[in-house]
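Undergrad: Dropping the structure in here first, questions after.
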Amino acid sequence: MKTYVDKKEYWISSSGFLGKSFSYSTLDLEVENNLEVLLDNFLKSLSENVRMKISLFQEASKNSSFFSSREKALKETGFLDVKGLIHFEHKKKVSFKEALKKGFLKNEDALIKRLSEIYESLDEGFLNKIQYQPFPSSSFKDCYGLYTPLEVSSLGLKSSKNLLGVLKLKNSGNYPLSLNTLALKLEKIPKPLGFHISLEKISKAKGEKTLQAKSREEAEGRGQVSFEKYKDTQRALSDVELSGEELFSYEVHITLKRPSDVHLRRDIASSLKSLSGLGEWSVESFGAYRSLLALSPGDSFHYKLIEKSSTLKCFLPCLRFGTVLHKPAAAGSLIYHRRDSSLDIINPFSKDYSNHTGVIIGKSGRGKSVFANLLTRSLFHDEKAYIFLVDVRGSHKKTVEELGGKTYNIDIKNPCGLNPFKNLNSSKETIEIVSHFIEKLFLEEKESVLSSEEKNTLETNLIRFAGRDEEKTLDNFYKTLKHPRKGKLARWIKGSLNENIFNNEESISDNRLIYFNFENISTASNSHIAKAIIAGVMAEFSFKLLNKDPNEKFIFISDETPFFIKSCFNTFSLLSKNVRKLNGSLILLAQNSKDLIQNNDTSLIDNSEFKILFSSDGEKRKFKETFSLTDAEFQKIKNIRTVKGEFSQFLLKDSIGSRLGFLRLSKEEYVFSNTEPEFLHKLQKLKTLLNINEEKALKVMSYV
């Protein structure tokens, strides 16, 4: 079996080829642009002295080792693990025995000089894009199955470890291909699999001569198939002569490692079916050993095909509808699946983002609140994160309780510790924050803002009060206030019906997760109370943000709160501005995008660095315009599916691009995040029947 002399900077195979190997990261077809040009330039830059081999290994895995709140869930749901290798070999052989005798291997300068002929013309744009890193030849055996002894069978190769089936491309055929074709085909093939392509450039003169000989041979054939092949060859000749196309020799293999004949036979049949439309394939039996040598580094071709570069680039396996998750994922990242089952992340504090604000849009039942629950868990996993969570439906009670957060059930009887005045001083920032808070207490039911004159008067009073040497409370401010709307504050001070709401005897908890649950307040009958409290919550958060340490992360999540957005739009706009300026995060959830828009002001959406879209709403043109969607992106949203208990789909759009995400849930995640009335009814029945608390009941349901 093949062996290698490894000199770290390069290797020499026992068959006499000198080369160097790299691992690489695949390119994301949903995100990357100008891939056609990138691949064209790279193929054209390859020297005729070089043979290049690219392998892509894909394997279903459950061995999660990511620092994530979903680590346990990923071991249940599984994911696609991917490894890419690229090898550059000098076509001129080194006689292995002769090299050893003459000390050729000791002459590193000569070897490195020959090695430089591989790279001197290479377009590094492609190599930098795939983030190539040196890869040792000592690991080739595990990657390519180069074990001894190997037994050849009718299904492929048998070793002491497993069976290896080998499929070979016999003819690329006359099929329409694009850069998407291979990725889509490989998604359908059972895992694990290895996809391997070897290629080398043919000189223009030799290429034309080869095509002309092939054309004469096909011209003598009979039947429609021969005629179609003849036309293809004539077209290729024309492209080479007139269009500057490059010609390459190449061969393609797919390897399938399986534990038994039954598994291998079944998956070979499934693979051949999935590969229809990607050329003509055959199962290697007695030729499998020679194919294994040819597809691995350091050997020549076994079954050589010829193709022009415009078609060949569609066989390069470095393009996928997915990504490679680098370990470890940044603290606080939410890990989700892509369409090929690989893992990707979203993190509001990503270094790729200019700010950390986002919106999540989705109709009821599409998975929006479940996503918010998992995002909350992920963010809380970062010990530097502090989360304010606001909700009107009680959707996050289970999550907050499990994480040990502090819940404030908002009603008019119990104080919730809100006292925005305690942080007031003479600075412009604190005056602005408290002014927005008091404005909401001043307003009538159908009002949204004060007049400029009234606003100026309020700010003048706040500046004067900030300079006074007395305790900063709402009651003391009321005593000194000189404003036409002073009477409006009377319903919030001591002695009033609402005196408990802004009682300064209790302070907001320093817990890293604080949940303001408004489900006990009907926003219809108590809209003035709900509006005042949400303004107080945002003021409290703004002060926390203003006084945070540089390494702390403060996140405000508002779930299902269209009333709050409508009644406090300018306060949310201020908060959005402050989190961008002070490196905080604001995440808004809504069933309809219009809930985040007031008087055609789309700034809350426009200023969001990331958008999570579970569904579309309203008129198509308006929705596309609001979220800057292409026709293709809008169609993806229209085609989004949700399978209850298994996964929900969404489109993530950010400054990087857009991609389709799958939120695949473990049983425990589904149970602990479910807020559907039918499920909650079953939960209550189980608690009553077994006389257990909610946490134990949820655990029981997660095992069912």
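The values are calculated or read from the model by the stated rules, or taken from the named source; none is laboratory data. Every value quoted in this text rests on a predicted model; they were computed, and no experiment measured them. Cβ sites come from the backbone with ideal geometry, for glycine too, and all protein chains shown count toward neighbours. Note: areas computed on protein heavy atoms with side chains; ligands, DNA, RNA excluded. Shrake-Rupley method; radii C 1.70, N 1.55, O 1.52, S 1.80 Å.
Undergrad: Give Ser14, Ser23 a once-over and let me know the one that is modelled with pLDDT of 90 or more, small (Gly, Ala, Ser), closer than 20 Å to Ile118 by Cα and open to solvent by 20 Å² or more (accessible area, probe 1.4 Å).
TA: That would be Ser23, the only listed residue that is modelled with pLDDT of 90 or more, small (Gly, Ala, Ser), closer than 20 Å to Ile118 by Cα and open to solvent by 20 Å² or more (accessible area, probe 1.4 Å).
Undergrad: In the stretch 435-468, what residues are open to solvent by 50 Å² or more (accessible area, probe 1.4 Å) and at pLDDT below 90?
TA: Glu444, Glu445, Lys446, Glu447, Val449
Undergrad: Tell me, yes or no, whether the stretch 351-370 has at least one residue that is farther than 30 Å from Lys638 by Cβ and surrounded by fewer than 19 Cβ atoms within 10 Å (Cβ to Cβ).
TA: yes
Undergrad: Additional query: From Phe554, Phe564, Phe518, grab the single residue that is farther than 24 Å from Glu444 by Cα and either touching a strand residue (DSSP E or B) at 6+ places or on another chain (Cβ under 9 Å) or at pLDDT 90 or above (or both).
TA: Phe554 is the lone residue from the list that is farther than 24 Å from Glu444 by Cα and either touching a strand residue (DSSP E or B) at 6+ places or on another chain (Cβ under 9 Å) or at pLDDT 90 or above (or both).
Undergrad: Just checking, does the stretch 543-558 include any residue being open to solvent by 10 Å² or more (accessible area, probe 1.4 Å) and farther than 20 Å from Tyr386 by Cα?
TA: The answer is no, given that none of the residues of the stretch 543-558 is open to solvent by 10 Å² or more (accessible area, probe 1.4 Å) and farther than 20 Å from Tyr386 by Cα.
Undergrad: Hey, another quick one. In this structure, is Asp261 charged (D, E, K, R), under 39 Å from the mean Cα position of the chain (by Cα) and modelled with pLDDT of 95 or more?
TA: Spelling it out, it is not the case that Asp261 is charged (D, E, K, R), under 39 Å from the mean Cα position of the chain (by Cα) and modelled with pLDDT of 95 or more.
Undergrad: Looking at Leu35, Leu27, can you tell me which residue is under 31 Å from the mean Cα position of the chain (by Cα) and closer than 16 Å to Asp344 by Cα?
TA: Exactly one of Leu35, Leu27 is under 31 Å from the mean Cα position of the chain (by Cα) and closer than 16 Å to Asp344 by Cα, namely Leu27.
Undergrad: Just to check your reading of the model, which residue among Lys75, Lys20, Lys8 is part of a helix (DSSP H, G or I) and either farther than 19 Å from Leu199 by Cα or over 27 Å from the mean Cα position of the chain (by Cα) (or both)?
TA: That would be Lys75, the only listed residue that is part of a helix (DSSP H, G or I) and either farther than 19 Å from Leu199 by Cα or over 27 Å from the mean Cα position of the chain (by Cα) (or both).
Undergrad: Is it the case that some residue within the stretch 538-547 is outside any helix (DSSP H, G or I) and over 19 Å from Gly358 (Cβ atoms)?
TA: Yes: one or more hits.
Undergrad: Is it the case that Ile637 is more than 30 Å from Tyr386 (Cβ to Cβ) and either without any contact (Cβ under 8 Å) to a residue 24 or more places away in the chain or open to solvent by less than 10 Å² (accessible area, probe 1.4 Å) (or both)?
TA: Taking the combined requirement at face value, the residue satisfies it.
Undergrad: Another question, if that's okay. Out of (1) at pLDDT below 95; (2) within 12 Å of His356 (Cβ to Cβ); (3) of a type in the set (A, V, I, L, M, F, W, C); (4) open to solvent by less than 10 Å² (accessible area, probe 1.4 Å), what's the single condition that is false for Leu586?
TA: That leaves (1) as the condition not met.
Undergrad: Given the conditions (1) under 19 Å from Arg366 (Cα atoms); (2) within 24 Å of the chain's Cα centre (by Cα); (3) crowded, with 16+ Cβ neighbours inside 10 Å, report the number of the one that Leu596 does not fulfil.
TA: So the condition that Leu596 fails would be (2).
Undergrad: Out of the residues in the stretch 599-625 that are of a type in the set (Asp, Glu) and either farther than 22 Å from Gly332 by Cβ or in contact with a helix residue (DSSP H, G or I) (Cβ under 8 Å, 6 or more places away or on another chain) (or both), state the one that is surrounded by the most Cβ atoms within 10 Å (Cβ to Cβ).
TA: In this case the residue turns out to be Asp617.
Undergrad: Suppose the filter is open to solvent by 20 Å² or more (accessible area, probe 1.4 Å) and closer than 30 Å to Leu325 by Cβ; does Val37 pass it?
TA: In short, yes.
Undergrad: Answer with yes or no whether Ser282 is outside any helix (DSSP H, G or I), at pLDDT 90 or above, open to solvent by less than 70 Å² (accessible area, probe 1.4 Å) and out of contact with any helix residue (DSSP H, G or I) (no Cβ under 6 Å at 6 or more places or on another chain).
TA: Answer is yes for this residue.
Undergrad: Restricting the search to the stretch 408-430, which residues are farther than 22 Å from Ile521 by Cα and open to solvent by 10 Å² or more (accessible area, probe 1.4 Å)?
TA: Answer for the stretch 408-430, where residues must be farther than 22 Å from Ile521 by Cα and open to solvent by 10 Å² or more (accessible area, probe 1.4 Å): Lys422, Asn423, Leu424, Asn425, Ser426, Ser427, Lys428, Glu429.
Undergrad: I'm trying to understand the selection: among the residues of the stretch 492-507, which are within 13 Å of Ile438 (Cβ to Cβ) and either of a type in the set (Lys, Arg) or part of a loop (DSSP other than H, G, I, E, B) (or both)?
TA: Of everything in the stretch 492-507, those that are within 13 Å of Ile438 (Cβ to Cβ) and either of a type in the set (Lys, Arg) or part of a loop (DSSP other than H, G, I, E, B) (or both) turn out to be Ile493, Phe502.
Undergrad: Now for a separate question. Does Asp344 meet the test of being of a type in the set (Asp, Glu) and in contact with a helix residue (DSSP H, G or I) (Cβ under 7 Å, 6 or more places away or on another chain)?
TA: Criteria not met by Asp344.
Undergrad: Would you be able to say whether some residue in the stretch 583-598 is in contact with a Leu (Cβ under 8 Å, 6 or more places away or on another chain) and part of a loop (DSSP other than H, G, I, E, B)?
TA: yes
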